[in-house]
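Let me begin by presenting the structure, written as structure tokens, before commenting on it.
The values are calculated or read from the model by the stated rules, or taken from the named source; none is laboratory data. A quick note: this is a predicted structure, and the numbers were derived from the prediction, not measured. Please note: Cβ atoms are built from the backbone with ideal geometry, for glycine as well, and neighbour counts cover all protein chains shown. These accessible areas exclude ligands, DNA and RNA; they are computed on the full protein's heavy atoms, side chains included. Shrake-Rupley method; radii C 1.70, N 1.55, O 1.52, S 1.80 Å.
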Amino acid sequence: MLIRIPRGWEIPDRDATAEALVFGRRAALKAAAGLGAGSIALPAFAQDAPPARNPRYLAGREITAEKDATTYNNYYEFGTDKGIHRAAQKLPQRPWTVKVDGLVDNPRGFDIEELLKTMPMEERVYRLRCVEAWSMVVPWTGFPIAALLKAVGPKSEAKYVRFETAALPAAMPGLRQSWYPWPYIEACTVDEAANDLSFLVTGAYGKPLPPQNGGPVRFHQPWKYGFKAGKSLVRISLVAQRPKTFWEAIQASEYGFWANVNPEVSHPRWSQASERVLGSGERIPTQLFNGYGEFVAGLYTNLQKERLWA
Ligand code: MTE
């Protein structure tokens, strides 16, 4: 008898996306057209369907309930507790421009509507592991940052990508805590950004990304701790020197630059061996690179002298 062992990222069948969602609006319209004009009315979800889910990266765990993922947040600009979702609604989502500059051939601003129309949108079900040892699984929509970088043409001297996030005092009461080094800055190497997993997120659960999760656009590299995922991005800069990040500026001994997930390297305040699943509260073992090692471990083979883990 052939026993098929599912690979780590394969989801249970009950989480599989309906065909209409996988093939997206265009295919649904085509299918409807094939049935003859006026023969069926499209269901509402097909008309607003999110882009197709990328079957290459599935989480191997149940998707976190939308309510949990959108009401338990870290967004210090709105306050240091997890219940900032109401306060975050004050962050205007339009108009919104992301400036892409630094060591690139064509520096320019991208209006969020232009990004939504021109970038290769897809849905990715990713695990997110916070350094505080909780985790969730979210169907994000967005596009690989590699597509945006291609549009501006990084110069060969560019080694790092610096992410600057919104700092709007009128909307963000946390900015009054002046001992924090605002704005929230994050960074990765150009090589890491070029990895297909590095994702600019513009939606979640088939809807526009809510402000508390970093709307209208945030970053996410699922093999790193969640603090690397800058929210509500306003500027992406290609630079030659490694930028100092928000958390490194606060406490470099606790929050390193690389911050790759590793169950064997504890944070001074949290063991990283296991994680609490948001929603169910179940504790599960944490995986090296948050389970994405097959896609990213090769990025680090020549960097073994670096402090690769948080
Ligand atoms: N981005 C900004 N601008 N400000 C923040 O406080 N918190 C980070 C990250 N991005 C943070 C941020 C942390 S610590 C985590 S774990 C994730 O966002 C949480 O994302 P979520 O609220 O969507 O779960």
Only listed residue being within 17 Å of residue 214 (Cβ to Cβ), open to solvent by 20 Å² or more (accessible area, probe 1.4 Å) and within 12 Å of the ligand (Cβ to nearest atom), chosen from 97, 80, 64:
80
A careful count of residues in region 249-266 that are on the phi < 0 side of the Ramachandran plot and crowded, with 17+ Cβ neighbours inside 10 Å gives 8
Which numbered condition residue 69 fails, given (1) at pLDDT below 95; (2) in a helix (DSSP H, G or I)
(1)
Scan region 178-187 and tell me whether some residue there is within 9 Å of the ligand (Cβ to nearest atom), touching a Phe, Trp or Tyr at 6+ places or on another chain (Cβ under 8 Å) and open to solvent by less than 10 Å² (accessible area, probe 1.4 Å).
yes
(1) of a type outside the set (D, E, K, R); (2) out of contact with any Pro (no Cβ under 8 Å at 6 or more places or on another chain); (3) open to solvent by 50 Å² or more (accessible area, probe 1.4 Å) all hold for residue 115 apart from (3)
Which one is surrounded by the most Cβ atoms within 10 Å (Cβ to Cβ) among residues in region 217-247 that are more than 17 Å from the chain's Cα centre (by Cα) and more than 13 Å from the ligand (Cβ to nearest atom)?
238
Would you check if there is a residue in region 286-304 being modelled with pLDDT under 95 and open to solvent by 30 Å² or more (accessible area, probe 1.4 Å)?
yes
Can you list residue pairs whose Cβ atoms sit under 6 Å apart, with the first residue in region 281-310 being under 25 Å from residue 68 (Cβ atoms) and the second being of a type in the set (Gly, Ala, Ser)? Count only pairs 6 or more apart in sequence or on different chains.
283/274; 285/274; 286/274; 291/8; 310/256; 310/259
For residue 237, indicate whether it is more than 20 Å from residue 158 (Cα to Cα) and touching a residue at least 60 places away in the same chain (Cβ under 8 Å).
no
Condition first: open to solvent by 60 Å² or more (accessible area, probe 1.4 Å) and at pLDDT 95 or above. Can you find one or more residues in region 30-53 that meet it?
no
Return yes or no: is residue 120 in a loop (DSSP other than H, G, I, E, B), open to solvent by 50 Å² or more (accessible area, probe 1.4 Å) and touching a residue at least 24 places away in the same chain (Cβ under 8 Å)?
yes
Filter region 123-148 for residues that are open to solvent by less than 10 Å² (accessible area, probe 1.4 Å) and part of a helix (DSSP H, G or I); the one that is nearest to the ligand (Cβ to nearest atom) is 145
For the structure I just gave you, tell me whether residue 165 is over 21 Å from residue 252 (Cβ atoms), among the hydroxyl-bearing types (Ser, Thr, Tyr) and within 16 Å of the ligand (Cβ to nearest atom).
no
